[in-house]
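The values are calculated or read from the model by the stated rules, or taken from the named source; none is laboratory data. All values derive from a computational prediction rather than experimental measurement. Please note: Cβ atoms are built from the backbone with ideal geometry, for glycine as well, and neighbour counts cover all protein chains shown. Keep in mind that these areas ignore ligands, DNA and RNA; they rest on the heavy atoms of the full protein, side chains included. Shrake-Rupley method; radii C 1.70, N 1.55, O 1.52, S 1.80 Å.
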Amino acid sequence: MRSTKIVTSFVTSEEKILILKRSNRVKSMKGLWGAVSGIIEGQEEPLERAKIEIFEEIGATSDSIELLKAGKDMMVSSPQYPDHQWQVFPFLFKKNTTEVLLNWENSSYKWINPNEINQYETVPNLNQVLLNLRSEEHTSELQSH
């Protein structure tokens, strides 16, 4: 079975989380909602890749975000790709503003309450990745009021 290492970063601002709708121009998971994600290249550190993806996909520089949590990596599979697994390295970042500058990888975005994630058609196991980040410290940042 093939495996790919990816980062998935949730960005929070004003007690909401950012979700992105994948555009029709990306290779996989077209039209599904996700967090800021990208493939880890070579021996790259997952945290560095996460910051690069956040800049590329939503225009946020590393000095405008704060790392709240790095979750435990987890294996995720998808019915679309039966012989493939993703090793997901989850991160939670805080951003001071809700300003988002999308690139070509995503067609739209929404700021939602974390407990609304199941109302969207998401990439596989996105709710589990979020749960992984919410299960330990910094849960107050993602508590819904």
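Structural remarks
- Evaluation of GLU41 against the conditions (1) of a type outside the set (A, V, I, L, M); (2) free of Cβ contacts under 8 Å to residues at least 60 places away in the same chain; (3) on the phi > 0 side of the Ramachandran plot shows that the sole unmet condition is (3).
- In the stretch 100-119, the residues that are surrounded by 13 or more Cβ atoms within 10 Å (Cβ to Cβ) and assigned to a strand (DSSP E or B): ASN106, SER107, TYR109, LYS110, TRP111, ILE112
- Filter pass, VAL123 being of a type in the set (Val, Ile, Thr) and either closer than 12 Å to THR8 by Cβ or in contact with an Asp or Glu (Cβ under 8 Å, 6 or more places away or on another chain) (or both): yes
- Top-ranked residue in the stretch 49-71 [being more than 14 Å from the chain's Cα centre (by Cα) and open to solvent by 80 Å² or more (accessible area, probe 1.4 Å); ranked as nearest to PRO90 (Cα to Cα)]: GLU66
- Close pairs (7 angstrom Cβ cut-off, 6 or more residues apart or separate chains): under 14 Å from VAL26 (Cα atoms) in the stretch 100-122, in a strand (DSSP E or B) anywhere: LEU102/TYR109; GLU105/ARG22; ASN106/LEU20; ASN106/LYS21; ASN106/ARG22; SER107/LYS21; SER108/LYS21
- Some residue of the stretch 73-94 being of a type in the set (Lys, Arg) and farther than 18 Å from LYS16 by Cα: no
- Restricting attention to the stretch 6-26, the residues being small (Gly, Ala, Ser) and not in a strand (DSSP E or B) number 1.
- Looking at the stretch 27-99, the strands (runs of 3 or more DSSP E) lying wholly inside it that each contain 3 or more residues that are under 29 Å from GLU14 (Cβ atoms) and not aromatic (Phe, Trp, Tyr) sit at 36-39, 65-70, 81-95.
- Selection within the stretch 1-46 - of a type in the set (Gly, Ala, Ser) and over 10 Å from the mean Cα position of the chain (by Cα): SER3, SER13, SER23, SER28, GLY31, GLY42
- Looking across the stretch 1-27, the residues that are surrounded by fewer than 13 Cβ atoms within 10 Å (Cβ to Cβ), farther than 16 Å from ASN113 by Cα and out of contact with any strand residue (DSSP E or B) (no Cβ under 7 Å at 6 or more places or on another chain) come down to ASN24, ARG25, LYS27.
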